[in-house]
Amino acid sequence: MSALAPQMVRFTVNGQGVEVDAAGDVPLLAVLRGELGLTGSRFGCGLEQCGACTVLVDGEPAYACSRPAWSVADRSVATIEAAEHDLVLAALRRAFLDEQAGQCGYCLSGIILSARALLAREPSPDRPAIVAALDRHLCRCGAHNRIVRAVQRAAARLAEEVAP
Amino acid sequence: MIANQLPRSLADNPRLDAWIGFDRPGQVRISTGKVELGQGVLTAIAQIAAEELDVAPTRLRLVSGEAGEGPNEGYTAGSYSVENSGGALRIVCAEVRALFLERTAVLLDCAAEELDVDDGAFRRDGRPTGFDYWRLAGDIDLSREATGGASPKPVAAYRLVGRSLPRTDLPEKIGGGAFIHDMRMPDLLHARVLRQAWRGAVLGALDERALHRAARRTIEVVREGSFLALLGDDEASVEAAAAVAREKATWSGGERPPDEVADAGWLMAQPTVERVIAEGEPAEAGEKIEATYSRGFIAHASIGPSCALAHWDGTRLDVWTHSQGVYPLRQSLARALGLDPGAVAVRHRQAAGCYGHNGADDAAFDAALLATRRPGRTVRVQWTRADELTASPFGAPMAVRLRAALGPQGRPADWGIEIWSAPHGQRPGMHGVVNLIGAEALPGAPPRVPPGDVPDANGFGSARNAHAPYDLPAQRIVTHFVAGHPVRTSSLRGLGAFANVFAIESFIDELAEAAGRDPVAYRLSLLADPRARATIEAVAAMAGWSPDAPAGEGTAKGIGFSRYKNKAAYMAAIAEVELDEEVRVTRVWCAVDAGLVINPDGAANQVEGGVVQAASWALKESVRFQDGRAGCVQWDDYPILRFSEVPAVEIRFMDMASEPPLGLGEVAQGPTAAAIGNAVARALGARIRDLPLSRDRIIEALL
């Protein structure tokens, strides 16, 4: 057994600077859920196929389950826990609750982050744009239609808030 | 006064204090043996309890799934929760409210009828009395048995039941750490378990040095017989070693399934236990029509792989699990580990969506066994995606043969159904067997005992919904039960109902076609039950059903109907499909009669989810086997319906609030598949009788 030397990397998570040991290609998801205690990002497959682990890296949706933590060195990561200080994420969360858009809820934090990236790019997306943005996510409970409606509701509410 | 007939859950757990307590000021403890699986059951149960007690729902503290503390209600399964647990709590809470009001009446020297309850405070003629549940809690002994003597509220008085209260568990699930996967314990020991390649497979020699090398940090290897686990403080190292173990493991012996195990023909050729459930003689005359339908293995395919934690201190075992049945699991764990059940605490913690007997119990055994091997540490077992897809029990493959003779006016003059099926119930403890795969891998594991079918009293297994809901001459119902099936199959949402309703409703359409009748009109001509008729008529109106719609044009609508378990909720569905080489389900309309609906939005969520999941099963899902192993180790091998493929769904609940609540969690599975199958047959101009309605089968039908 060859011992593993520490490999410290720095990045920001939800606006806070962190420094963690990323030795041995430890996945970003493991660092987020383990050392950083941010359990809102879920382990679903470890294969970049279901989207449950989705976070934002520099604002773009990214699978956290298999990419090594060192790959986000000096970059900015956002998780669902950022809803505390991100108005758009907070609006999405509120809209998901208003629509009761979910059953088990396991897939939702990843979906909400993909929706967050979509709304940054396209503040008033139509249904096909939402479906396209969420098609990388799997939901087994069948809450898809409610989820799409929740994203539409969040977009509409945000548009009202910024309107004069 | 005539006592209410006690629901089964209350007969099994008659003491009032098993269900309710006022031990914390301003709060009410409500205990239920049913657990939250993402179906919203705790919200519905809270509504029922708060309604009968007249307290704000926010005062309730729900305790759910605690073996040894809360009521034993078996499994959270079979769409029974609202009927049984909700039914029990309705009676318990009405009785407790009456006991408190009687006591208050004595103290105030007035009649109990002069009193009412406002958010837990007792009022006389609308004015405060100074008494409430908490002040009088010490006066009233709830360690007595329920009598069922108090009358629950009439429906007209409901303020909470029948309203769409938001789910109490969703905010935390959207936010952060609501799941068993998120539990943090001091001194955690991470574990991965190597799954046997097939049942009874014997693990060959494995070079443990390669596992340590791959880990790169300190890990431990626990090997007992064919049970192999990797443990360590660092989860990534444990996973790295486990990946090598999976790659290097060699397997022999056991019940290796053949590659054709998923074919209906293979299933029908196996030795079976035959049972005639209903006799019915074939008619002499009339055109004879016969057809055979099938479905293969369906994976639960939960989004979150199973997880469990366990801690053993030398005398007591604590287990945290997302099992559907904490009491039966406790019995099986104790038996498998040679412990007294009283020394085992099993607590439910929530996880990703659960649609039947998945890997939760097996993961709990993995953790429990390993905890006893590492006393003092809390062992956390996390299954992989491949474990979840291949080692959870599968939904049972089935073949269903129907026959009828057409009599006058095209009505069936006789009717027969024969069902071939793998087992639908191999949960822990069922049929007197431990039923935990980790235990099967241990040295000296007892030989496997072929299981029985699910008992009739539980709504049947293979024969669930085998009885066609139409007014037919004596129906002959026969099951051919493949008890010795080599692949582990068990309960998946709807059990036999999915394939049976698909087959019966497809066959009814085939008969309608042979009789030259419209499928909706034909069904109505065979149905006297007014609730069934109203449900079908409602969905036909919603979908704008037209008897004159052309066939073979690449787009069409189809209908499916059933009453789940022939005794729970009714549902009629109409699906609209478009097809070229693939089927797209564009819209589904549903009419549901579930009697009194406790939470309409929650119920709609369940039905809509069932429609989408059933559409996924019907269009895409089937597990193939190769070299003895299930060929679905990742999502790419086992596609499910995606956002871009999900139909629009419209649901209407029949206004039946005066009728008792009927279970609806599984009602959508059969009717949805049948509606899609019938729509595809019409759009294609040819019928596909084997599920899934895959691209290959469409192309074959087009040729």
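The values are calculated or read from the model by the stated rules, or taken from the named source; none is laboratory data. As the structure is a computational prediction, the values presented were derived from the model and not from experiment. Note that each Cβ is placed from the backbone with ideal geometry, even for glycine, and that neighbours are counted across all protein chains shown.
Observations on the structure shown:
- For the stretch A:47-90, the tally of residues that are surrounded by fewer than 21 Cβ atoms within 10 Å (Cβ to Cβ), touching an Asp or Glu at 6+ places or on another chain (Cβ under 9 Å) and either within 14 Å of chain B (Cβ to nearest Cβ) or within 14 Å of A:Ala115 (Cα to Cα) (or both) stands at 8.
- Boolean, B:Arg124 is surrounded by fewer than 18 Cβ atoms within 10 Å (Cβ to Cβ) and not assigned by TED's automatic domain parsing to the domain that holds B:Val28: no
- Some residue of the stretch B:300-315 being among the aromatic types (Phe, Trp, Tyr), buried (at least 22 other Cβ atoms within 10 Å of the Cβ) and in contact with a strand residue (DSSP E or B) (Cβ under 6 Å, 6 or more places away or on another chain): no
- Filter result for B:Asp366 (under 17 Å from the mean Cα position of the chain (by Cα), under 30 Å from B:Pro639 (Cα atoms), modelled with pLDDT of 95 or more and more than 14 Å from chain A (Cβ to nearest Cβ)): no
- Of all the residues in the stretch B:18-46, those that are over 18 Å from B:Val346 (Cβ atoms), in contact (Cβ under 8 Å) with a residue 40 or more places away in the chain and away from chain A (no Cβ under 14 Å) number 11.
- Residues satisfying the stated conditions in the stretch B:457-494, i.e. assigned to a loop (DSSP other than H, G, I, E, B) and hydroxyl-bearing (Ser, Thr, Tyr): B:Ser462, B:Tyr470, B:Ser491
Residue-wise test of (1) assigned to a helix (DSSP H, G or I); (2) among the charged types (D, E, K, R); (3) surrounded by 13 or more Cβ atoms within 10 Å (Cβ to Cβ).
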{"residue": "B:Ala243", "(1), (2), (3)": "yes, no, yes"}
{"residue": "B:Arg246", "(1), (2), (3)": "yes, yes, yes"}
{"residue": "B:Gly254", "(1), (2), (3)": "no, no, yes"}
{"residue": "B:Pro257", "(1), (2), (3)": "no, no, yes"}
{"residue": "B:Val261", "(1), (2), (3)": "yes, no, yes"}
{"residue": "B:Trp266", "(1), (2), (3)": "yes, no, yes"}
{"residue": "B:Pro271", "(1), (2), (3)": "no, no, no"}
{"residue": "B:Arg275", "(1), (2), (3)": "no, yes, yes"}
{"residue": "B:Glu281", "(1), (2), (3)": "no, yes, no"}
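- Filter result (touching a Gly at 6+ places or on another chain (Cβ under 9 Å) and touching a residue at least 24 places away in the same chain (Cβ under 8 Å)) within the stretch A:87-112: A:Phe96, A:Gln100, A:Gly102, A:Gln103, A:Cys104, A:Tyr106, A:Cys107, A:Leu108, A:Ser109, A:Gly110, A:Ile111
- The stretch A:2-24, subset within 8 Å of chain B (Cβ to nearest Cβ) and either polar (S, T, N, Q) or on the phi > 0 side of the Ramachandran plot (or both), residue farthest from the chain's Cα centre (by Cα): A:Ser2
- Every listed requirement among (1) over 15 Å from the mean Cα position of the chain (by Cα); (2) away from every other protein chain (no Cβ under 13 Å) is met by A:Ala117 save one, (1).
- Residue within the stretch A:33-46 that is over 15 Å from the mean Cα position of the chain (by Cα) and over 25 Å from B:Gly353 (Cβ atoms) present: yes
- Candidate set from the stretch B:566-579 (those that are surrounded by fewer than 24 Cβ atoms within 10 Å (Cβ to Cβ) and in contact with a Leu (Cβ under 9 Å, 6 or more places away or on another chain)); member that is nearest to B:Phe460 (Cα to Cα): B:Lys567
- Which numbered condition B:Ala404 misses (of (1) in contact (Cβ under 8 Å) with a residue 40 or more places away in the chain; (2) under 21 Å from the mean Cα position of the chain (by Cα)): (2)
- Filtered residues of the stretch B:544-560 (kept if surrounded by 19 or more Cβ atoms within 10 Å (Cβ to Cβ) and in contact (Cβ under 8 Å) with a residue 60 or more places away in the chain): B:Ala556, B:Lys557, B:Gly558, B:Ile559, B:Gly560
- Selection within the stretch A:31-42: residues that are without any contact (Cβ under 8 Å) to a residue 40 or more places away in the chain and crowded, with 24+ Cβ neighbours inside 10 Å. The member of this set that is nearest to the other protein chains (Cβ to nearest Cβ) is A:Arg33.
- Residue count, the stretch A:120-146 (criterion: more than 7 Å from chain B (Cβ to nearest Cβ), of a type in the set (Val, Ile, Thr) and surrounded by fewer than 20 Cβ atoms within 10 Å (Cβ to Cβ)): 0
- Qualifying residue in the stretch B:336-352 (condition: within 14 Å of chain A (Cβ to nearest Cβ), within 24 Å of the chain's Cα centre (by Cα) and within 24 Å of B:Ala396 (Cβ to Cβ)): yes
So that you can scan it fast, the table gives a plain yes or no per residue for (1) modelled with pLDDT under 95; (2) part of a loop (DSSP other than H, G, I, E, B); (3) within 8 Å of chain A (Cβ to nearest Cβ):
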| site | (1), (2), (3) |
| --- | --- |
| B:Gly148 | yes, yes, no |
| B:Leu160 | no, yes, no |
| B:Arg163 | no, yes, no |
| B:Lys173 | yes, no, yes |
| B:Arg192 | no, no, no |
| B:Trp198 | no, yes, no |
| B:Leu211 | no, no, no |
| B:Thr218 | no, yes, yes |
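- No other residue among B:Ala386, B:Ala371, B:Ala405, B:Ala367 is surrounded by fewer than 24 Cβ atoms within 10 Å (Cβ to Cβ), farther than 22 Å from B:Leu492 by Cα and among the aliphatic types (A, V, I, L, M) apart from B:Ala405.
- The stretch B:583-623: number of residues that are buried (at least 24 other Cβ atoms within 10 Å of the Cβ) and polar (S, T, N, Q): 4
- One residue stands out in the stretch B:601-650 among those that are of a type in the set (D, E, K, R) and part of a helix (DSSP H, G or I): the one that is farthest from B:His485 (Cα to Cα), namely B:Asp601.
- Flag for B:Thr384 being of a type in the set (Ser, Thr, Tyr), in contact (Cβ under 8 Å) with a residue 12 or more places away in the chain and within 14 Å of chain A (Cβ to nearest Cβ): yes
- Output for the stretch B:683-699, where each listed residue is in contact (Cβ under 8 Å) with a residue 60 or more places away in the chain and either over 18 Å from B:Gly552 (Cβ atoms) or in contact with a helix residue (DSSP H, G or I) (Cβ under 8 Å, 6 or more places away or on another chain) (or both): B:Leu684, B:Arg687, B:Arg689, B:Asp690, B:Leu691, B:Pro692, B:Leu693, B:Ser694, B:Arg695, B:Ile698
- Residues in the stretch A:147-160 that are touching a residue at least 40 places away in the same chain (Cβ under 8 Å) and either at the interface with chain B (Cβ under 9 Å from one of its Cβ atoms) or among the charged types (D, E, K, R) (or both): A:Ile147, A:Arg149, A:Arg153, A:Arg157.
- Restricted to the stretch B:153-204, and to residues there that are under 27 Å from B:Ala88 (Cβ atoms) and of a type in the set (Gly, Ala, Ser), the residue that is surrounded by the fewest Cβ atoms within 10 Å (Cβ to Cβ) is B:Ala156.
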